[in-house]
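A short write-up of the structure that comes next.
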Amino acid sequence: MKRYIYIALGLLTVGLGALGVVVPGLPTTPFLLLASWFFYRSSPRLQQWLLASWLGRYIRDYKRRGGMTATQKAGAIGIMAAMVLLSTFVFIPAGSVARIIVPVAGAVGALTVIFAVPNGQDK
């Protein structure tokens with residue numbers, strides 16, 4: 001039963017990681033690392049699928065560098081900030097609750113990148 005729960009959680013976190021590629025404020029790499037962990041413990045075939053997919057690049061880069069370099073972190077936060085501002089002030093109607101949720105999600109994403117993602121080295 002635990003195996004199936006891990007597979008379901010792995011698939012869910014792959015979905016969230018894939019969404020993080022296009023949704024501002026939603027981090028990609030932490031979700032994909034978590035998915036890889038779930039698959040490692042439940043399905044080596046799914047883990048190999050994830051590492052071989054286009055999303056696997058995020059995991060391979062993270063492992064190779066031991067985290068994200070300062071330049072990568074700054075770039076990620078800059079892109080998140082730009083997308084959050086664009087979404088909030090151009091695409092979301094005034095008075096919408098999303099005008100609060102999107103900047104909060106962006107701030108959580110930026111804080112995650114700054115404090116939870118290890119600093120990696122260029123290799």
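All of the numbers you see were taken from the coordinates with simple rules; none came from a lab. What you are looking at is a predicted structure, and each value in this text was computed from that prediction instead of being measured. In this analysis, Cβ positions are derived from the backbone assuming ideal geometry, glycine residues included, and neighbour counts consider all displayed protein chains.
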Taking the Cα atoms only, what angle lies between the long axis of helix 2-22 and the longest principal axis of the chain, rounded to 10 degrees? 40 degrees
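Determine the dipole magnitude for the chain: charges of +1 sit on the beta-carbon of Lys and Arg, -1 on that of Asp and Glu, nothing else is charged, the reference point is the Cα centre, and the result goes in debye to the nearest 20. Let's see the in-between values first.
On the way: 12 positive and 2 negative charges, 98 e Å.
Roughly 480 debye for the chain.
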By how many nm would the segment from ARG64 to LEU51 lengthen if fully extended, with 0.36 nm per residue of separation less the alpha-carbon distance? 3.4 nm
Hey, what number do you get for the chain at 222 nm if only DSSP H runs of n ≥ 4 count, each worth -39500 (n - 2.57), divided across all residues, to the nearest 500? -22500 deg cm²/dmol
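So, R0 is 22 Å and r is the distance between the beta-carbons of ALA98 and ILE77; what FRET efficiency does that work out to, to 0.05?
Numbers: r = 21 Å, r/R0 = 0.95.
That pair, ALA98 with ILE77, gives E of 0.60.
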Give the separation of the Cα centroids, the range 1-21 to the range 77-123, in Å. 22 Å
Rounding to the nearest 10 and keeping the result within 0 to 90°, find how far the Cα-based axis of helix 70-86 lies from the longest principal axis of the chain. 50 degrees
Quick one: net charge around SER42, please, counting Lys, Arg +1 and Asp, Glu -1 for every other residue with C-beta under 12 Å from its C-beta. +4
For ALA52, the net charge from surrounding residues (Cβ-Cβ under 12 Å; K, R +1; D, E -1) works out to +3
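Express the relative contact order of the range 2-123 as a whole percentage, based on alpha carbon pairs under 8 Å and six or more residues apart in sequence.
On the way: 138 pairs, mean separation 36.3, N = 122.
Dividing the mean separation by the residue count of the range 2-123 yields 30 percent.
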With volume of the Cα convex hull per residue in Å³ in mind, check (i) 106; (ii) 156; (iii) 91 and report the label derived from this structure. (i)
Roughly what angle does helix 29-42 make with the longest principal axis of the chain, taking Cα atoms, 0 to 90 degrees, to the nearest 10? 20 degrees
